[in-house]
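For reference, the structure is listed below as structure tokens.
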Amino acid sequence: MEIDDKQNPNPNSTISPPVLVPQIAPIEPQIPLIPTGILPPIAPIPRPLAPIPSIRPPNGDTAKKTTEGADSDDEGDDSGPEYEVSEESRLFREKQEKAKQDFLMKQRAAALAVPTNDRAVRSRLRRLGEPVTLFGEREMERRDRLRMIMAKLDSEGQLERLMKVLEEEEAAVNAVAMEDGGGEDEGEAIEYPFYTEGSVALLKARYAIAKDSLVKAAMRLERARRKRDDPDEDLDAEINWALDNAKSFGLDCSEIGDVRPLAGCSFSYDGKFLATCSLTGVAKIWSMPGVNIVSSLRGHAERATDVKFSPTNDHIATASADRTAKLWNTEGTLLTTYKGHLDRLARVAFHPSGKYLGTTSFDKTWRLWDTETGEELLLQEGHSRSVYGLAFHPDGSLAASCGLDALARVWDLRSGRSILALEGHVKPVFGVSFSPNGYHLATGGEDNTCRIWDLRKKRSLYTIPAHANLISDIKFEPQEGYFLVTASYDMTAKIWSSRDFKPVKVLSGHEAKVTSVDVVADGQSIATVSHDRTIKLWSSKNVEKDKSMDVD
């Protein structure tokens, strides 16, 4: 009725209700008559073409942020309050930025060429005005320090200073060459190469390894083709028979091996002997299958960390924390001592030919030795942390190493190149083993998992959540590779099928950490050693039944 009074100033006039409704409807046409600047409270607000003034306190910066388009009003970015960055968020951003810069610095350093010769590294450090060596610094650490210094100079824009140092080095080398009476060609020949020069003995060893591996690879492939094409060959039945034997494995013998925890074990190539070593530094030879002691190998000054039988004769190699490896015969006579590592040794492994011995060490290297002459043939760097495990391909062409950097690397012994870096483990890797089929590699480590790698596809084929504690050792069955065995600090060893990598048998009986495992050549016996100081021999009950039936 208020609207009706405003529209009809004469109160005596009577208007019927049906006429009143059309007079109320046209409210919008009357809006232009209202003075500018006064908005009626009941009028609908149309979509503005110009930006609506911000409700925030007057601030010149925020006024500039408003956009002139209508889309900015729909987003509502300008209408919200401004937030201040907290101290915690700022510190997190700074930490993130620092980590990014460190990563970029390492990436830049990895692309720089740094001399491998220690004399050249010292000379370059001296010319850059840096300490030539630090207390306790080794050659690899000095080289890494030079690499980071060069990367820092490059990132700070001091490339001219770096180039000047390189020019001075080149001039000094050429000057030495001219003083010796040589020409420009000889000066160029004296420059330090960016690789480690090998000896003539290493070159001969590479030729011998290549020649021997080609023959073995051809025989392995021919055997695989014959199995595939022969209609009488039933591979599944053969695998099932091997797995049935593995399921029947039981404890056959348990013997106290030493007064201190045992660290390693290894069968001889014919299965007649078993070698063990312990933290006392003594290795022992036992006769099989009675596990009777034959001889003791005494000579290490520190604890023994591993022991291996040669695949071709009765020689035994031992590794120790005294930084040496030693070669013995079964009578206990010391044949050769291998010296050269800068830190304690972890594992040893024989090349399939029996002519070469590989050792791993906590000095971040593994080395290859000539078993006949005792000469060090190869010092192989490549791991960023200690190297622990080592295994050779059945053909002898490849070597696989693993270590505390959570990596496994595959090396071509014929060329010396690292052909594969297997990344997947998240913690240190302690065990590595090649399958007799030639293309599967198993690794186990502190992340409690066993990974199966396919060398043809260059990737992880399967991950086995194997144990409740770290895996200390791993071995494929050496004859056909139909199963593999893992040893763990959870006091058990386990057998796994190599067909589908499912569990076959749990060998439980040790009362402490199981440190090492080995499988006899015919795959019918397994030996484990532990910190409980015992040697346990596990044998297949099916084989015993077959023998008894043959006797009957």
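The table below gives the values:
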item: Residue pairs meeting the criteria (Cβ under 6 Å; at least 6 apart or on separate chains; first at positive phi, in segment 514-532; second surrounded by fewer than 22 Cβ atoms within 10 Å (Cβ to Cβ)); result: 523/479
item: Test result for residue 463, surrounded by fewer than 18 Cβ atoms within 10 Å (Cβ to Cβ), in the same structural domain as residue 525 (by the TED database) and either under 14 Å from residue 507 (Cβ atoms) or in contact with a Cys (Cβ under 8 Å, 6 or more places away or on another chain) (or both); result: yes
item: Counted residues, segment 497-532 - those being among the acidic types (Asp, Glu) and over 26 Å from the mean Cα position of the chain (by Cα); result: 3
item: Residue that is surrounded by the most Cβ atoms within 10 Å (Cβ to Cβ), among those in segment 487-513 that are touching a Phe, Trp or Tyr at 6+ places or on another chain (Cβ under 7 Å) and part of a strand (DSSP E or B); result: 496
item: The one condition in (1) of a type in the set (Lys, Arg); (2) touching a Leu at 6+ places or on another chain (Cβ under 8 Å); (3) surrounded by fewer than 15 Cβ atoms within 10 Å (Cβ to Cβ) that residue 456 fails to fulfil; result: (2)
item: Residue in segment 173-186 that is modelled with pLDDT of 80 or more, outside the structural domain of residue 354 (by the TED database) and among the charged types (D, E, K, R) present; result: no
item: Residue check for residue 435: free of Cβ contacts under 8 Å to residues at least 60 places away in the same chain, under 25 Å from residue 356 (Cα atoms) and hydroxyl-bearing (Ser, Thr, Tyr); result: no
item: Residue under evaluation residue 482, criteria (1) out of contact with any Gly (no Cβ under 8 Å at 6 or more places or on another chain); (2) closer than 27 Å to residue 311 by Cα; (3) buried (at least 20 other Cβ atoms within 10 Å of the Cβ), criterion not met; result: (1)
item: Condition check for residue 424: surrounded by 18 or more Cβ atoms within 10 Å (Cβ to Cβ), of a type outside the set (Val, Ile, Thr) and either within 20 Å of residue 442 (Cβ to Cβ) or outside the structural domain of residue 452 (by the TED database) (or both); result: no
item: Conditions (1) assigned to a strand (DSSP E or B); (2) within 23 Å of residue 411 (Cβ to Cβ); number of the one not met by residue 436; result: (1)
item: Candidate set: segment 121-154, residues that are of a type in the set (Asp, Glu) and outside any helix (DSSP H, G or I); chosen: the one nearest to residue 364 (Cα to Cα); result: 137
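The values are calculated or read from the model by the stated rules, or taken from the named source; none is laboratory data. Note that the structure is predicted; figures quoted are calculated from it, not measured. Note that each Cβ is placed from the backbone with ideal geometry, even for glycine, and that neighbours are counted across all protein chains shown.
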